[in-house]
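*Asks:* My structure is below; once you've seen it, I'll send some questions.
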Amino acid sequence: MLPAIVFATLSAAQAPPVQSRDLPAATPAVAQASIDAGLALFRRRHFTQAEAEFQKAVDADPAGAAGYFYLGYAVYKIAEPKRPFHPEKRRAAELFAKAYDLDPGFRPVWAGRR
């Protein structure tokens with residue numbers, strides 16, 4: 001019986017890992033592509049779709065400040081017409097804070113425009 005248990009354990013340990021074929025590898029390049037897509041949607045005032053793209057950016061690059069900043073801005077714009085202390089506005093503030101914790105010098109793409 002012991003040899004069967006050892007064989008089963010060794011066989012399971014050598015099985016190849018299961019990988020998802022649906023998700024691209026999480027990289028800063030993937031995050032930037034999602035940010036670019038999200039900004040295009042944001043400029044057309046499609047805030048909900050932009051939010052989804054920015055969430056993809058955060059998922060692809062959790063250490064990137066830009067994804068958190070733009071996600072926070074999309075969340076805020078969706079919540080903007082709601083009551084002043086809506087929970088989503090608090091979530092937006094938390095996302096902004098996370099962005100600046102990751103990169104205190106972060107500036108959005110439109111910061112240089114005057």
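The values are calculated or read from the model by the stated rules, or taken from the named source; none is laboratory data. Computed from a prediction, not measured in an experiment: that's the story for all the values here. Cβ placement follows ideal geometry from the backbone for every residue including glycine, while neighbour counts extend to all protein chains displayed. Ligands, DNA and RNA are stripped out before the accessible areas are found, and what is left, the full protein with its side chains, is counted by its heavy atoms. Shrake-Rupley method; radii C 1.70, N 1.55, O 1.52, S 1.80 Å.
*Asks:* Among residues belonging to region 29-55 that are under 12 Å from Ala74 (Cβ atoms) and charged (D, E, K, R), point out the one that is most open to solvent (accessible area, probe 1.4 Å).
*Replies:* Restricting to residues being under 12 Å from Ala74 (Cβ atoms) and charged (D, E, K, R), the top hit is Arg45.
*Asks:* Something else: Quick one: in region 56-79, of everything that is of a type in the set (Ser, Thr, Tyr) and open to solvent by 50 Å² or more (accessible area, probe 1.4 Å), which residue is farthest from Ala31 (Cα to Cα)? Give the derivation first.
*Replies:* Filtering region 56-79 down to residues of a type in the set (Ser, Thr, Tyr) leaves 68, 70, 73, 76.
Subsequent filtering for residues that are open to solvent by 50 Å² or more (accessible area, probe 1.4 Å) retains 73, 76.
Working: Tyr73: 16, Tyr76: 20 Å.
Ranking the candidates gives Tyr76 first.
*Asks:* (1) in contact (Cβ under 8 Å) with a residue 12 or more places away in the chain; (2) farther than 23 Å from Gly105 by Cα: which one isn't true of Val75, the others all being true?
*Replies:* It is condition (2) that Val75 fails.
*Asks:* Check Ala99 against each of (1) at pLDDT 95 or above; (2) aliphatic (A, V, I, L, M); (3) more than 17 Å from the chain's Cα centre (by Cα) and name the one condition it does not meet.
*Replies:* (3)
*Asks:* I need the full set of residues from region 92-114 which are touching a helix residue (DSSP H, G or I) at 6+ places or on another chain (Cβ under 7 Å), part of a loop (DSSP other than H, G, I, E, B) and more than 23 Å from Arg43 (Cα to Cα), in order please.
*Replies:* Within region 92-114, Asp103 is the sole residue that qualifies.
*Asks:* Right, next: Go through Gln32, Gln49 for me and flag whichever is modelled with pLDDT of 95 or more and within 11 Å of the chain's Cα centre (by Cα).
*Replies:* Exactly one residue qualifies, and that residue is Gln32.
*Asks:* Would region 80-91 turn up any residue that is in a helix (DSSP H, G or I), within 13 Å of Ala31 (Cα to Cα) and open to solvent by 50 Å² or more (accessible area, probe 1.4 Å)?
*Replies:* The answer is no; no qualifying residue exists.
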